[in-house]
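The structure appears right after this line, and notes come after that.
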Amino acid sequence: MRDSANIDSVRRLNPDMIGLIFYARSPRFVGTEPLPHLTASFAPALKVGVFVNETVAAVADIAARFNMNAAQLHGSESPAECAALRQTGLKVIKAFGISSAADFAQCASYSGCCDLFLFDTRTAGYGGAGVKFDWSILAEYKQDTPFLLSGGISADDAANIRSISHPQLAGIDLNSRFETAPALKDIEKLKQFIKQIRTNGQQSNV
């Protein structure tokens, strides 16, 4: 997110996390200027910076300047880099592209150095391009790190998400299907969806 009024409207919905994208090639790129509405606390929501293949030093610097609580990593960041960022006091969310149950094997070396994993649809780029993967394969994820579900989630998916009983499903990532334009959230659509999904006690990350 990046628009001041839109951020305020989303905050009133009490999401658990709000994301700012620091990947310059994204249409949702927040920019490099630490404007007041971007550096202000989003509490009680965590402010999450989304990065792709930045150095530990660069992520830590941006996190400090923008008053971030967490870093969400969508590139080829190593377990050591995740651990180093965690040592700075940031929560670390590592994203993985998923197309089959075999893809969960890549998560094993990140166990213990990330607070959350994020499972998105495997694509050629960074991010799931608004497309779902086969959620039935989540049953094959056997590791201990909790995960967020991402990838093409829309307002029509509440019932399907509520039916997922995986013990490590910690929340869901809501992005393109809840926008009126890149980085602008549809507040009414979010409001209705969050109301439905919270009957299952899950977190929402926007």
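Odds and ends about this structure:
- Extending 7 Å from the Cα toward the beta-carbon at both Lys195 and Arg12 defines two label points whose distance is 1.4 nm.
- Computed over the chain, relative contact order equals 18 percent, with contacts defined as Cα pairs under 8 Å that lie 6+ residues apart.
- Proximal lysines relative to Lys195, as straight alpha-carbon distance under 28 Å, when same-chain residues fewer than 8 apart are discounted: Lys47, Lys91, Lys94, Lys132, Lys185
- Here Thr88 and Lys142 are evaluated by their C-beta separation; at R0 = 25 Å the FRET efficiency comes out at 0.25.
- Förster radius 45 Å - calculated FRET efficiency between Ala108 and Leu184, Cβ distance, rounded to 0.05: 0.75
- For Ile21, the residues whose modelled amide H falls within less than 5 Å of its own, excluding neighbours fewer than 5 places apart on the same chain, are Val30, Val50.
- Translational diffusion of region 16-105 was estimated from the Stokes-Einstein equation, with Rh taken as the Kirkwood radius over Cα pairs; at 10 °C and 1.306 mPa s the coefficient is 117 µm²/s.
- Each principal axis of the Cα cloud of the chain was evaluated for its coordinate range; sorted largest first, these ranges are 43, 40, 30 Å.
- For region 174-180, Karplus couplings with θ = phi - 60° (6.51, -1.76, 1.60), whole Hz, Gly/Pro x: 10, 9, 5, 6, 10, 10, 9
- Ellipticity at 222 nm from helices only: DSSP H runs of n ≥ 4 in the chain, each -39500 (n - 2.57), divided by the residue count, give -6000 deg cm²/dmol.
- About its Cα centre, the dipole of region 4-205 is roughly 420 debye, where the only charges are +1 on Lys and Arg Cβ and -1 on Asp and Glu Cβ.
Just so you know, all these numbers are worked out from the coordinates, no wet-lab data involved. Only a predicted model underlies this, so the values are computations on that prediction, with no experimental measurement involved. Every residue, glycine among them, receives a Cβ derived from its backbone with ideal geometry; neighbour counts consider all protein chains shown.
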